[in-house]
1. Sort out which residues of segment 113-134 are assigned to a helix (DSSP H, G or I), exposed (fewer than 12 other Cβ atoms within 10 Å of the Cβ) and under 22 Å from the mean Cα position of the chain (by Cα), and write them in order of number.
2. Filter segment 28-62 for residues that are in contact (Cβ under 8 Å) with a residue 40 or more places away in the chain, surrounded by fewer than 16 Cβ atoms within 10 Å (Cβ to Cβ) and touching a Ser or Thr at 6+ places or on another chain (Cβ under 9 Å) and give the result.
3. Of the residues Trp183, Trp206, which is in contact with a Lys or Arg (Cβ under 8 Å, 6 or more places away or on another chain), of a type in the set (Phe, Trp, Tyr) and either within 30 Å of Ala39 (Cα to Cα) or modelled with pLDDT of 95 or more (or both)?
4. Name the residue, out of Ser173, Ser148, that is of a type in the set (Ser, Thr, Tyr) and outside any helix (DSSP H, G or I).
5. Please specify each residue of segment 179-194 satisfying the condition of being surrounded by 15 or more Cβ atoms within 10 Å (Cβ to Cβ) and either small (Gly, Ala, Ser) or over 31 Å from the mean Cα position of the chain (by Cα) (or both).
6. Would you point out which residue out of Cys71, Cys65 is assigned to a loop (DSSP other than H, G, I, E, B), surrounded by fewer than 17 Cβ atoms within 10 Å (Cβ to Cβ) and of a type in the set (A, V, I, L, M, F, W, C)?
7. Evaluate segment 178-186: report whether one residue or more is farther than 18 Å from Arg63 by Cβ, in contact (Cβ under 8 Å) with a residue 12 or more places away in the chain and out of contact with any Pro (no Cβ under 7 Å at 6 or more places or on another chain).
8. Can you pull out every residue in segment 195-207 that is surrounded by fewer than 16 Cβ atoms within 10 Å (Cβ to Cβ) and part of a helix (DSSP H, G or I)?
Amino acid sequence: MDAQSLIACWEVGRRRHPLDRALLLYAAAEPAEDPDTLADRTLGERNAALLRLRQSLFGDAMRSCVHCPECGELLEFALSAKALLGCAPHCPRTHAEVNGRRLRLPTTRDLASVAGEPDEAHAALKLVERLVDGEALAPEVAGDELASALDAADPRMDLSLALSCLTCAHRWSAPFDVPAFLWEEIDVRARRLLDEVHALARAYGWNEGDILALSDTRRRAYLERVLA
């Protein structure tokens, strides 16, 4: 994804629902695939593709921060896209088993089907109904046991981080939303590129296409001269 493609993706995705935005990024990560089929790929496949896209755009190290829910301290940490990609088995799975019952691994289309549900618990039950083959699971099964089975089938489906506060020693688990994290980085990069286009167009009279066609190194070199 070059500078022009990144801005075009940002322009289309900035007003979309997060699930549609995730599919837009998925299509950018897998340009040879039919975009209409990507909504039916598992969430683990989608997250893996987005992590690879992230590597190609910004490198392996992913830096972020979070406030401790106990004392409010701001914690900074770094993740490795390569390490997250390596947490799943080599052979992708599309199903899991719970108490002998077979379930599909969820897809973006499955999440979209319950996105409008106001009650989280009801949405979870409806999602499980879509995934299970045959009769519905007993309510007591559709909980931690189900989550563990899905996580074992593909750990990249629902990534979470084990965090510890250096100030108060509080430990907790926080979800890591791959599409949201990548989109935030793309949003920052796109806005920075637009600022660069604005500065260079005003200084030299160049058009957007010519400015974005410059390499990052040459564009920054011209900006240094404009801002000197």
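The values are calculated or read from the model by the stated rules, or taken from the named source; none is laboratory data. Not measured: the values here are computed from a predicted model. When we count neighbours, we look across all protein chains shown, and the Cβ atoms used for this are built from the backbone with ideal geometry, even at glycine.
1. Once the filter is applied, which keeps residues that are assigned to a helix (DSSP H, G or I), exposed (fewer than 12 other Cβ atoms within 10 Å of the Cβ) and under 22 Å from the mean Cα position of the chain (by Cα), segment 113-134 yields only Glu120.
2. Asp40
3. Just a single option satisfies the conditions, and that option is Trp183.
4. Working: Ser148 fails: outside any helix (DSSP H, G or I).
Matching residue, one of Ser173, Ser148: Ser173.
5. Once the filter is applied, which keeps residues that are surrounded by 15 or more Cβ atoms within 10 Å (Cβ to Cβ) and either small (Gly, Ala, Ser) or over 31 Å from the mean Cα position of the chain (by Cα) (or both), segment 179-194 yields only Ala190.
6. On the way: Cys65 fails: assigned to a loop (DSSP other than H, G, I, E, B).
The unique qualifying residue is Cys71.
7. No.
8. Asp195, His198, Ala201, Arg202, Ala203, Tyr204
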